[in-house]
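The values are calculated or read from the model by the stated rules, or taken from the named source; none is laboratory data. Please read all numbers here as calculations on a predicted model, not as lab measurements. Neighbour counts are summed over all protein chains in view; Cβ atoms, including those assigned to glycine, are modelled from backbone coordinates with ideal geometry.
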Amino acid sequence: MVLNLESLIAEAGSESIKLKTQALITDKGAERLDSFPWEEI
């Protein structure tokens, strides 16, 4: 199964940002399918 995970960061009356990532879920665990270095931001 593949999950699409989205997070929206917004404040009323201002701009917003949507962060997205995908994860492959198997009986052995989860594996991220994107290559963005989330841990570095």
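See the values below:
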| read-out | value |
| --- | --- |
| Filter result (among the aliphatic types (A, V, I, L, M) and surrounded by 10 or more Cβ atoms within 10 Å (Cβ to Cβ)) within the range 1-29 | Leu3, Leu5, Ala10, Leu19, Ala23, Leu24, Ile25 |
| Residue that is touching a Lys or Arg at 6+ places or on another chain (Cβ under 9 Å) and among the charged types (D, E, K, R), where the choices are Glu11, Glu6, Glu40 | Glu6 |
| Pick from the chain, criterion of a type in the set (Ser, Thr, Tyr) and within 12 Å of the chain's Cα centre (by Cα), ranking: modelled with the lowest pLDDT | Ser35 |
